[in-house]
Amino acid sequence: MLFRRRKPDGLFERVRTYLWPRRSFSRSLQYFSKRILRLKATPHAVAAGVAAGVFASFFPVGFHFAIAAVLCWVIAGNLVAAGVAAVFFGNPLTFPLLWGASWETGKLILHDRLPAHGPPAHLGEMLHKLSFAQLWKPILEPMLIGAIPLGLVFGLLFYGITRWGMSAFREQRRKRLAERASRHVQSSHPGGSIGSAAR
């Protein structure tokens, strides 16, 4: 096959590329912003969808898209924007930061009701060995409760940023289209201005 790699990537290289893409993160951010700005929806719908995706990314459960979809239905958000935002903000690089912040915030809120021993040191081993009921008090409850205020704050922040960006992007595009139409009219009637000046 033309342009196919001579030597396929091994498992380590595929994992490394997934966690740290070959393209720079600035290009990934540009790709994300272009995907969002070019959606065919109102600025509110797109911004609300992004806010729903950001909000859902803070939750430790594996149902980010379900949470984002329910929020989009409640606040009239764009589901595509929510999915793009959830994928961009909820990834293996950001999950430790988001979930750690959720757990720490939940600890502050529930400091009187948390178990004295706290969570085990090895979270991965605990998730494999303990049941949902055993995970609830030390880990899941503070993470879920902490995710709500953090998700609201960052969701509102990205709602404002996205709505402003959508309005600015569409205004610039409207001006470009108006200028292009004006140049097209002038080029299609080259003697109009000269004739009117002669008169």
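For region 28-42, what are the residues that are open to solvent by less than 60 Å² (accessible area, probe 1.4 Å) and aromatic (Phe, Trp, Tyr)? First the steps, then the outcome.
Residues of region 28-42 that are open to solvent by less than 60 Å² (accessible area, probe 1.4 Å), as a first pass: 28, 32-33, 36-37, 39, 41.
Of everything in region 28-42, just one residue is open to solvent by less than 60 Å² (accessible area, probe 1.4 Å) and aromatic (Phe, Trp, Tyr), namely Phe32.
Okay, residues lined up against (1) at pLDDT 85 or above; (2) over 18 Å from Ile148 (Cβ atoms); (3) out of contact with any strand residue (DSSP E or B) (no Cβ under 8 Å at 6 or more places or on another chain):
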{"residue": "Leu39", "(1), (2), (3)": "yes, yes, yes"}
{"residue": "Val61", "(1), (2), (3)": "no, no, yes"}
{"residue": "Val80", "(1), (2), (3)": "yes, yes, yes"}
{"residue": "Leu93", "(1), (2), (3)": "no, yes, yes"}
{"residue": "Leu114", "(1), (2), (3)": "no, no, yes"}
{"residue": "His122", "(1), (2), (3)": "no, yes, yes"}
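The values are calculated or read from the model by the stated rules, or taken from the named source; none is laboratory data. These figures come from a predicted structure and were not determined experimentally. Cβ coordinates were reconstructed from backbone atoms using ideal geometry, including for glycine residues, and neighbour counts include every protein chain displayed. Note: areas computed on protein heavy atoms with side chains; ligands, DNA, RNA excluded. Shrake-Rupley method; radii C 1.70, N 1.55, O 1.52, S 1.80 Å.
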